[in-house]
């Protein structure tokens, strides 16, 4: 794939005329998907696809596009030339763009991580028999994901990574569930079977008769997977500089009114794990670490070069959407073994579901509890709870109601596949809250 | 590229082979505060090769569109299906892919090329300026999204279906600020005005008039009172009913969800197989139809991606649940009656049960009759927040704009209106339903579901509706 991208980009960049600037991006994957229901195969198949993106600039105007690639060099060069010609015809008709950014990065990088991934024919036989009689539903995704970038200033980046993930739910006859994700780069059958056995053991806890709790404010522990969902909301009208400037951010109060979160809460963009490439769609390379929220105070936002130009601030080479690509929350001092004891009496939430801003400007999030969520009394799990709706502000539960942060951070891989297989992960600990609003 | 020739060139051992070619061009233009923010085109094309071997379907989606690429994809799909067939959830036969022949083309008046990119940009710049009705409007957005899709499906049992869609979505938004108060108003919710139509939706006089109103309402909300808290009557405009139908009826009735396919992602459903024909889903006023035949509605089509012919069906009649949202695979698995809704988001995804056009049929009450019947309640319009549980029970939705209703009259404007309830009792509290004059058609390009994930377009239409004794509340 890298050879294909290099040859296309050399041909197209070499055909540019004076006053033309171009950034090319490459995204692709060769993936196997196995959809599982009741520990059986519901749907199975492979996808082989790639797209070439254009960021074309000419005399103060900008037009962008992407075209599917076939993987056949001559055909793809023909498609790319046709697209460049279409862009040339269109761009002169467009209004001037005062905030366009001419690609000027000359940096280069190369990262290829190969793994040991079972073939599509092998997967069912490896993962399904160990499930035995347990009711498991989920999705296997594996294969290689590709990202590339090249521009008319000479910048060039390539990133390819092999990986697999099995994201699944285990379900009791009473419809109580446990969620887990087994992910990696090198398949290990023994490790998988041990991981699965551990999940099945956790499911046994769910066989206790569930209890219904009333709406109200409860002492609450949210485990790492749930915290990851909360942090993902910072990518949607949160940590983006443009969103703050344009009145669309939940963190606007921190900038405009000086409101602080808890000093126990710190959040960074941290690429050191290498899950996801540091270069963005324009080929700009972000710092390895950017401290965004420092002990409750807004230290930096995510700033794209376009936003930087519009508002006269410094870029930190965020993506154009200024969303988190490598979020990492700082750990605290609460030992994992002490979580239930410190919670005392309250609710333990392993996962959250379907989060949305119920009042974005006010920082209020609503969503549901889901999977292994328990009522805890005097440090002991009493029973699973029926799922509850929550509706609370980050300025409360990441503010004065944040009592402690777990001393261990967990990796929560992003298994999303809307725009192809995601590469990122949220690295974060669990949090202990003095109070959390459960509403329905 | 001749798809029938490619199909005839495939030589594999399979009970059935199907090829679904999709080419989709999406033009996306955004003007923010009078300046271009995006002028983008995305062109996607590829073929989904699907085979049935030993009762197991398998797929291979490829963008290599020559004979060698398609044949290789079919060969690999056969190997995958054969290996997986020992573990099949259900052993299918070829009846899962009925023979279909036909053509479909979206109805529209004005073609895409009637507007040059420059002319459309100019209109969006004017719209963006019109939205800024005062200095309190700090951000304006004008968005146009135009999608042209060609789909061609052929199969070894003789299907040959060609469908062409032209779809236009537009939105205009104003954000107003005064001190610490920020409010946003859009044109009925994000891209809610999504239709199978042509460029006729960009009528300048109509667009600019709407923009002035949107800007004015954003400013009006800055000084509005907070939405009151309490249990009271709720009147929902059709643009919020779209979301209400989608989340608390549509997803709950998807048969693949009821069969458990989605339990690891979107979730299950409070509806069970035994409920069909028995469950009183809502009040007697509730009539829900699946109707992919409506001209100009966003998700109209002639055949689904499994080859099933699309036709209008009542899912809920006089409040009674009759039929689910399930294509032929779900119908064979469950034994339930379904509809032609086995749809894929593009060439690179396998079809699953989706909504298409899912509508609440109009009733008999006029707008005035509904409002005048309310002693104390809130009217809400234009969705801004949505969340519902994995069984499609406990939901909480918020709107951009509200009006207090007191003694049968609309009085004060209220900001941050929200409500929460549980689906079944909520629909049973449907007290009045608007007539045809209150009936409006909307759609959204953004319905997410499935593993691997798929975003697909759906359409919803509804009259004005009154619900009794709902928990209502305001902002943070």
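If a residue counts only when it is away from every other protein chain (no Cβ under 14 Å), which strands (runs of 3 or more DSSP E) contained entirely in segment A:316-416 have at least 1 such residues?
Details: elements: A:327-329, A:346-359, A:364-377, A:380-384, A:389-393, A:402-405, A:410-413.
Hits in segment A:316-416: A:327-329, A:346-359, A:364-377, A:380-384, A:402-405, A:410-413.
Out of A:24, A:52, report the one residue that is within 14 Å of another protein chain (Cβ to nearest Cβ), under 19 Å from residue A:320 (Cβ atoms) and either modelled with pLDDT of 95 or more or surrounded by fewer than 20 Cβ atoms within 10 Å (Cβ to Cβ) (or both).
Details: A:24 fails: within 14 Å of another protein chain (Cβ to nearest Cβ).
Result of the check over A:24, A:52: A:52.
Out of A:324, A:298, A:302, A:340, one residue alone is touching a residue at least 24 places away in the same chain (Cβ under 8 Å), out of contact with any helix residue (DSSP H, G or I) (no Cβ under 6 Å at 6 or more places or on another chain) and under 30 Å from residue B:37 (Cβ atoms). It is A:302. Within the option set A:245, A:219, being surrounded by fewer than 22 Cβ atoms within 10 Å (Cβ to Cβ), in contact (Cβ under 8 Å) with a residue 12 or more places away in the chain and under 25 Å from residue B:174 (Cβ atoms) holds for one residue only, A:245.
Need a quick list: strands (runs of 3 or more DSSP E) entirely within segment B:341-414 having at least 3 residues that are crowded, with 22+ Cβ neighbours inside 10 Å, more than 14 Å from every other protein chain (Cβ to nearest Cβ) and out of contact with any helix residue (DSSP H, G or I) (no Cβ under 7 Å at 6 or more places or on another chain).
Details: elements: B:357-360, B:376-388, B:394-406.
Correct list: B:376-388.
Counting just the residues of segment B:18-68 that are free of Cβ contacts under 8 Å to residues at least 60 places away in the same chain and out of contact with any helix residue (DSSP H, G or I) (no Cβ under 9 Å at 6 or more places or on another chain), which one comes out farthest from the other protein chains (Cβ to nearest Cβ)? Among them, the one singled out is B:68. Select from segment A:417-440 the residues that are away from chain B (no Cβ under 14 Å) and more than 30 Å from residue A:185 (Cα to Cα) and list them in ascending order. Within segment A:417-440, A:432, A:433, A:434, A:435, A:436 qualify.
Here residue B:134 passes the criteria (1) buried (at least 19 other Cβ atoms within 10 Å of the Cβ); (2) in contact (Cβ under 8 Å) with a residue 60 or more places away in the chain; (3) over 28 Å from residue B:456 (Cβ atoms) except the one numbered (1).
Count, please, the residues in segment B:267-295 that happen to be closer than 15 Å to residue B:335 by Cβ and either assigned to a helix (DSSP H, G or I) or at pLDDT below 95 (or both). Counting residues in segment B:267-295 that are closer than 15 Å to residue B:335 by Cβ and either assigned to a helix (DSSP H, G or I) or at pLDDT below 95 (or both) gives 3. Flag: residue B:80 does not match the condition of being in contact (Cβ under 8 Å) with a residue 24 or more places away in the chain and assigned by TED's automatic domain parsing to the domain that holds residue B:173. For segment A:125-211, the strands (runs of 3 or more DSSP E) that sit wholly inside it and include 3 or more residues that are in contact (Cβ under 8 Å) with a residue 24 or more places away in the chain and surrounded by 21 or more Cβ atoms within 10 Å (Cβ to Cβ) are A:135-151, A:156-171. Just need a number here: residues in segment A:27-49 that are over 23 Å from residue B:23 (Cβ atoms) and more than 7 Å from chain B (Cβ to nearest Cβ). Matching residues across segment A:27-49 total 4.
Looking only at segment B:236-249, decide whether some residue is over 30 Å from residue B:412 (Cα atoms) and not in a strand (DSSP E or B). Among the residues of segment B:236-249, at least one is over 30 Å from residue B:412 (Cα atoms) and not in a strand (DSSP E or B), which makes the answer yes.
So that you can scan it fast, the table gives a plain yes or no per residue for (1) modelled with pLDDT under 95; (2) facing another protein chain (nearest Cβ under 8 Å):
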| residue | (1), (2) |
| --- | --- |
| A:93 | no, yes |
| A:100 | no, no |
| A:104 | yes, no |
| A:123 | no, no |
| A:130 | no, no |
| A:136 | no, no |
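Results for (1) out of contact with any helix residue (DSSP H, G or I) (no Cβ under 9 Å at 6 or more places or on another chain); (2) touching a residue at least 40 places away in the same chain (Cβ under 8 Å), shown as yes or no for each residue.
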residue	(1), (2)
B:171	yes, no
B:191	yes, yes
B:195	no, yes
B:203	yes, no
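Counting only residues that are within 30 Å of residue A:316 (Cα to Cα), touching a residue at least 40 places away in the same chain (Cβ under 8 Å) and not in a helix (DSSP H, G or I), segment A:222-242 holds 4 of them. Scan segment B:435-476 for residues that are more than 30 Å from residue A:34 (Cβ to Cβ) and either more than 14 Å from chain A (Cβ to nearest Cβ) or part of a loop (DSSP other than H, G, I, E, B) (or both) and the total you get is 23. Within segment A:97-124, being in contact with a helix residue (DSSP H, G or I) (Cβ under 7 Å, 6 or more places away or on another chain) and crowded, with 19+ Cβ neighbours inside 10 Å holds for A:101, A:120, A:124.
Suppose the filter is under 30 Å from residue B:25 (Cα atoms), out of contact with any helix residue (DSSP H, G or I) (no Cβ under 7 Å at 6 or more places or on another chain) and at pLDDT 95 or above; does residue B:264 pass it?
No: the conditions fail for residue B:264.
From the list B:242, B:232, exactly one residue is surrounded by 21 or more Cβ atoms within 10 Å (Cβ to Cβ), touching a residue at least 12 places away in the same chain (Cβ under 8 Å), within 17 Å of residue B:432 (Cα to Cα) and not assigned by TED's automatic domain parsing to the domain that holds residue B:135. Which is it? Show your work before the answer.
Numbers: B:232 fails: surrounded by 21 or more Cβ atoms within 10 Å (Cβ to Cβ).
From the options B:242, B:232, the qualifying one is B:242.
Scanning segment B:43-64 for residues that are outside any strand (DSSP E or B) and crowded, with 19+ Cβ neighbours inside 10 Å returns B:63, B:64.
Within the option set A:397, A:374, being farther than 30 Å from residue A:137 by Cβ and surrounded by 23 or more Cβ atoms within 10 Å (Cβ to Cβ) holds for one residue only, A:397.
Consider residue A:64 carefully, then state whether it is at the interface with chain B (Cβ under 7 Å from one of its Cβ atoms), under 30 Å from residue A:173 (Cβ atoms), at pLDDT 95 or above and out of contact with any helix residue (DSSP H, G or I) (no Cβ under 6 Å at 6 or more places or on another chain). Working first, answer last.
Values: at the interface with chain B (Cβ under 7 Å from one of its Cβ atoms): yes; under 30 Å from residue A:173 (Cβ atoms): no; at pLDDT 95 or above: yes; out of contact with any helix residue (DSSP H, G or I) (no Cβ under 6 Å at 6 or more places or on another chain): yes.
Judged against the criteria, residue A:64 is not a match.
Give the residue, chosen from B:87, B:92, that is touching a residue at least 60 places away in the same chain (Cβ under 8 Å), crowded, with 17+ Cβ neighbours inside 10 Å and either touching a helix residue (DSSP H, G or I) at 6+ places or on another chain (Cβ under 8 Å) or assigned by TED's automatic domain parsing to the domain that holds residue B:160 (or both). Criteria check complete, one pass: B:92.
The values are calculated or read from the model by the stated rules, or taken from the named source; none is laboratory data. It should be emphasised that the depicted structure is a prediction, and the values quoted were computed from it without experimental measurement. In this analysis, Cβ positions are derived from the backbone assuming ideal geometry, glycine residues included, and neighbour counts consider all displayed protein chains.
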